[in-house]
Amino acid sequence: MNQFYLHENQITGPIPPEIGNLKMLDLLVLLKNQISGSIPPELGNLTMLNAIFLSTNKITGPIPSELGHLLNLQNLELFDNQISGPIPGSLGNITKLVALSLYGNQITGFIPEEIGNLMNLAYLYLNENQISGSIPKTFGKLHNIQEMRIFNNNLSGDLPQEFGYLINIVVLELANNSLSGPLPANICSGAGLQTLNVAYNMFNGPISSLVEIDLESNQLTGDISQHFGVYPQLTLMNLSSNRLSGLISSNLGASTQLVALHLAQNMITGPIPTILSKLSNLEKLRLDSNHLSGEIPPEICSLTHLYILNLSFNQLSGPIPTQIEKLSSLGYLDISGNMLSGSIPEELGACIRIQSLKINNNNFNGSLPSEIGNLAGLQIKLDVSKNNLSGVLPQQLGKLLMLQLLNLSHNQFSGSIPSSFASMVSLSMLDVSYNDLEGPVPSARLLQNASASWFLPNKGLCGNFSGLPPCYSTPVAAHKKGKILGLLLPIVLVMGFVIVAAIVVIIILTRKKRNPQESVTSEARDLFSVWNFDGRLVFDDIVRATEDFDDKYNIGTGGYGKVYKAQLQDGQLVAVKKLHQTEEELDDERRFRSEMEILTQIRQRSIVRMYGFCSHPVYKFLVYDYIQHGNLHRILENQELAKELDWNKRIALATDVAQAISYLHHECSPPIIHRDITSNNILLDTSFKAFVSDFGTARILKPDSSNWSALAGTYGYIAPELSYTSVATEKCDVYSFGVVVLELVMDKHPRDLLDGSLSNGEQSMMVKDILDQRPTPPISTEENSLALVIKLALSVMVILSLSATRRRNTCARLAHHLQGLRHLPRQLQPLL
C-alpha cells in the first residue's frame with residue numbers, strides 16, 4: 001500500500017497511532033470527514049510521505065513536532081480543524097515543502113523563524129488563527145513564495161524590509177492584524193504582484209507603487225498625486241481611511257481595467273477629474289469624506305457600469321448633471337453633505353435600478369420631481385432632508401412600494417401628504433418634520449408606532465399617531481364621519497368581493513409571462529410585510545440574535561458566504577447569509593447583487609423567500625425564510641431523515657423543483673436561469689417540501705445578448721454543453737435537474753451512472769438496482785411514478801449530452817413539459 005484515500009466519507013473517531021506502521025505510505029488523504037482527537041506523533045515515522053491531507057475535520061490538539069521528520073513531504077494541509085498550540089519549529093526541516101496550509105484553526109504562539117528555511121515553499125496559508133508576535137525577517141528568504149495569507153491573526157510589529165526580496169509573490173494578504181511602521185519601499189517591485197491586502201493594520205508613512213492593492217484603514221500619508229504612477233492592469237484600488245492628501249492623480253486615466261476605486265475618508269483636495277470618465281469598467285467609485293471641491297463633472301455619467309457612486313461629505317457645489325440618466329446600472333447614489341444647488345433633475349427618474357438615494361444636506365431648491373416615483377427599485381432609503389425644496393409632494397411617490405425609509409424633513413414642502421403614501425406597504429420610517437404640511441397623515445401599516453417627532457413641527461398635520469391631534473376633533477365632525485363610514489362600508493365590502501372575484505378569474509384565465517421588473521411592483525406587498533423590516537432596528541436585532549455572527553449560530557457555509565440562524569425579538573426565525581470578506585470581493589459582490597436583485601423580483605412557492613438585505617461596507621447579508629431541515633444533500637446523508645423521506649415525498653420533491661425551474665424559464669420574461677441546481681441548493685422544511693435557494697450565480701437571459709458566461713455551477717451538475725460552449729441557456733438547469741433527480745432516487749450522486757451507461761446513451765437497467773434502500777420499498781403506484789421520474793431524468797441528461805443536431809427539436813418540448821412530472825411526455829416515448 002503506497003496511497004491511503006478515505007476522503008469525503010463519514011469517518012469519526014481519532015486517527016489510530018498504528019497508521020505509523022505503514023512505512024511505505026507516500027500519500028495520506030483523510031480530508032472532509034468527521035475525524036476527531038489529535039494528530040498522532042507516529043505519523044512522523046512515515047518518512048516516505050509526499051503529502052498529508054487532513055483538512056476539514058474536527059481534529060484538536062497540537063501539531064506534533066515529529067512531523068518535522070518527514071523530509072520528503074511536499075504538501076501539508078491541516079486547515080479547517082480545531083488544532084491549537086504553536087507551529088512547531090521542526091517544520092522548518094521539511095525543505096521540500098511546497099504548500100503549508102494551516103488556516104481556519106486555533107493556532108497560537110509565534111511564527112517560528114525556521115519557516116524561513118522552506119526555500120521551495122510556494123503557498124503559505126496561516127490565516128484565521130490566533131497567531132501573535134512579529135513576522136520573522138527570515139521570510140525574506142522565501143524566494144519561491146507565490147501566495148502568502150496571514151490575515152485575521154494577532155500579529156504586531158513592523159513588516160520586515162526583507163519582504164521586498166519576494167520577487168515571485170503574486171498574493172500577499174496581511175489584513176486584520178496590528179502590524180505597524182512603514183511599508184517596505186520595494187514591496188511592489190516584483191512584477192507579478194497582483195493582490196496586496198494590508199487593510200485594518202496601523203501602517204504609516206508614504207505609499208509606493210501599486211498594482212492591485214487594498215490598504216484600507218491604516219495611517220498612510222503623502223501626496224497621492226506624486227506617488228501614483230501608470231498602472232494599466234490595475235483592477236482594484238482601495239486606499240480608504242488613511243491620511244492621504246493632494247489631488248486625484250490624472251495617471252488614474254491609464255488604469256482602464258479598474259472596477260473599484262475607493263479613496264474615501266482621506267484629505268484629498270481639488271476637483272473630481274474628468275479623466276475618470278475613461279474608466280469604462282468602473283463599478284464602484286467612493287470619494288466620500290474628503291475635501292473635494294468644484295462641480296460634479298458630467299463626464300462621470302458616461303460610466304454606464306457604475307453601481308455605487310458615493311461623493312458625500314465633500315465641498316462639491318453646482319447642480320446634479322442632467323446626464324445622470326445615462327447611469328442605467330446605478331444602485332447606490334450618495335451625494336449628501338455637500339453644497340450642491342439648483343433643482344433636482346427629472347432625469348434622475350431614469351435611474352430605475354437605484355436602491356438607495358441620498359441627496360440630503362445640500363442647497364437644492366424647487367420642487368421634488370414626480371419622476372422620482374419611477375424608481376421602482378428604490379428600497380433602502382430616499383433622503384432629501386435639509387435642503388430648500390418647496391411645493392407640494394408628488395402623488396407619484398406612492399408608487400415606491402418597496403421603499404423602507406423616506407426622509408423629507410427640514411425643507412419647505414407645503415400642502416398635504418399625498419394619500420398614495422398609504423399604499424407604501426414597506427414604509428417603516430416617514431420623517432416630514434420641519435415643513436409647512438397640513439392635513440391627515442396616511443396610515444401606512446408599518447407606521448403604526450411612528451414617532452411624533454417625524455411630523456412636528458408643521459402647519460397642521462393630524463392623524464392617529466401619538467402626539468398628533470386627531471383629524472376629527474369635534475363631536476359634529478366625528479358624527480359625520482360615522483355616518484359616512486356607515487354608508488360606505490357596505491359599498492366597500494361589495495366592491496371588495498367583486499374585485500377579488502375578478503382577480504381570481506383573471507389569474508385563472510391569464511397565463512402570460514411575467515416581467516421580473518413588473519413583479520417588483522406587483523409583489524412588493526408580500527416582500528416586506530412579513531415583519532417590520534425597518535432598517536436599523538432589524539439590523540441591530542440580527543447582529544444581536546447572532547452575537548455579531550458568532551460561529552455557534554452558523555448552520556452552513558457556501559462558496560461566498562456563511563448562513564446563520566437568527567431568532568428576532570418578535571420570535572421570527574430567519575436564515576441570514578453573510579457575505580465572506582475575501583480577496584474575491586468584486587466577484588462575491590456580483591453574486592450578492594445577483595441574488596439580491598433576482599429574489600426581489602420573483603415569487604414562487606417552491607423558491608426560497610427573501611425578506612430583505614443589508615449592503616454595508618462592513619456587513620453584507622441577505623435575510624431569508626428559515627427552512628428547518630436544511631438542504632437535500634444533508635438529508636440524504638442522515639440515515640433517519642432519509643428513511644422519513646419516503647417515495648411519495650421524493651416524487652413530490654422532484655415536482656416542486658421542476659415547477660420552480662419551469663417558473664424561472666417560462667413565467668419570467670426575460671427568462672432566469674439558476675445555473676447551480678444541486679442537492680446543496682434545495683432546502684426542505686419539516687414536511688419535506690422543497691425550496692430552491694442560492695441564486696448567487698443566476699442569470700437573466702437577455703434576448704439582445706449572446707449570454708456568454710464564465711463557467712459557473714458545481715462540478716458534476718454542469719451540463720456538458722456549457723463546459724465547452726460557455727453559452728448559458730435554460731438547458732443548464734434542465735441537465736442539473738436530471739442529476740438531482742437521480743441523486744434523490746439513488747441516495748448518492750450518480751457519477752458512476754454518468755461515466756458509464758449514460759455516456760453511451762444506454763438506459764437499460766432495473767429500477768430496483770439503483771433505488772435507495774433506506775425508505776420502505778415503494779408500493780405499486782409509487783413504482784410507476786418512480787419509473788417515470790427516472791426515465792425523465794435519464795432522458796433529460798441523454799438528450800442534453802447529444803449533439804445539437806439530434807436534439808434541436810426535442811429540448812424545447814422537454815423543458816416545456818417540466819411543469820409536471822406525473823405523466824411522462826408522450827414526445828419522449830420513442831427515446832426510451
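Quick one: THR655, THR47, fewest Cβ neighbours within 10 Å first, how do they rank?
Listing THR655, THR47 from fewest to most nearby Cβ atoms yields THR47, THR655.
Considering only Cα-Cα distances, which of the following residue pairs are longer than 29 Å: LYS381/LYS578; LYS137/LYS284; LYS141/LYS278; LYS399/LYS689; LYS565/LYS643; LYS552/LYS620? Mind dumping the intermediate values first?
Numbers: LYS381/LYS578 21 Å; LYS137/LYS284 37 Å; LYS141/LYS278 41 Å; LYS399/LYS689 35 Å; LYS565/LYS643 26 Å; LYS552/LYS620 19 Å.
The answer is LYS137/LYS284; LYS141/LYS278; LYS399/LYS689.
Under the rule of at least 5 residues apart or a separate chain, name every residue whose amide H is placed under 5 Å from the amide H of LEU292.
Sorted by chain and number, the residues that satisfy this are GLN315.
Could you quote the convex hull projected area for segment 303-368, Cα atoms only and averaged over all directions, in nm²?
Working: hull surface 15.6 nm².
For segment 303-368, the mean projected area of the Cα convex hull comes to 3.9 nm².
Quick one: Cα centre-to-centre distance for segment 314-381 and segment 10-40, in angstrom?
61
Take peptides 145-155, 561-571, 430-440 and line them up by average Cβ neighbours within 10 Å, highest first, as a rough protection proxy.
By packing density, highest mean first, the sequence is 145-155, 430-440, 561-571.
What is the Å³ per residue value for the convex hull set by the Cα atoms of segment 1-105?
79
Residue by residue, what Karplus-based ³J(HN,Hα) values in Hz, rounded to whole numbers, does segment 161-172 have, using 6.51, -1.76 and 1.60 with θ = phi - 60° and x for Gly and Pro?
Here the 3J(HN,Hα) series is 4, 4, 4, x, 8, 7, 6, 9, 6, 10, 10, 10 Hz.
List, in order, the whole-Hz ³J(HN,Hα) value for each residue of segment 686-697 obtained from phi through the Karplus relation with A = 6.51, B = -1.76, C = 1.60 and θ = phi - 60°; use x for Gly and Pro.
5, 9, 6, 6, 9, 9, 6, 10, 6, 9, x, 9
Sort ASP548, ASP733, ASP158 so that the residue with the fewest other Cβ atoms within 10 Å of its own Cβ comes first and the one with the most comes last.
Least to most surrounded, the residues fall as ASP548, ASP158, ASP733.
Grab the alpha carbons of segment 355-435, take their convex hull, and tell me the volume per residue in Å³.
Taking only Cα atoms, segment 355-435 has a hull volume of 72 Å³ per residue.
Take the alpha-carbon positions of segment 103-171, form their convex hull, and give its projected area averaged over all directions (one quarter of the hull surface) in nm².
Working: hull surface 16.3 nm².
The number I arrive at for segment 103-171 is 4.1 nm².
Give me SER736, SER428 ranked fewest to most by other Cβ atoms within 10 Å of their Cβ, as a rough exposure proxy.
SER428, SER736
What percent antiparallel are the DSSP beta bridges of segment 52-211, to the nearest 5?
The antiparallel fraction comes to roughly 0 percent.
No value in this document is a laboratory result; all are computed from the given coordinates. Not measured: the values here are computed from a predicted model. Please note: Cβ atoms are built from the backbone with ideal geometry, for glycine as well, and neighbour counts cover all protein chains shown.
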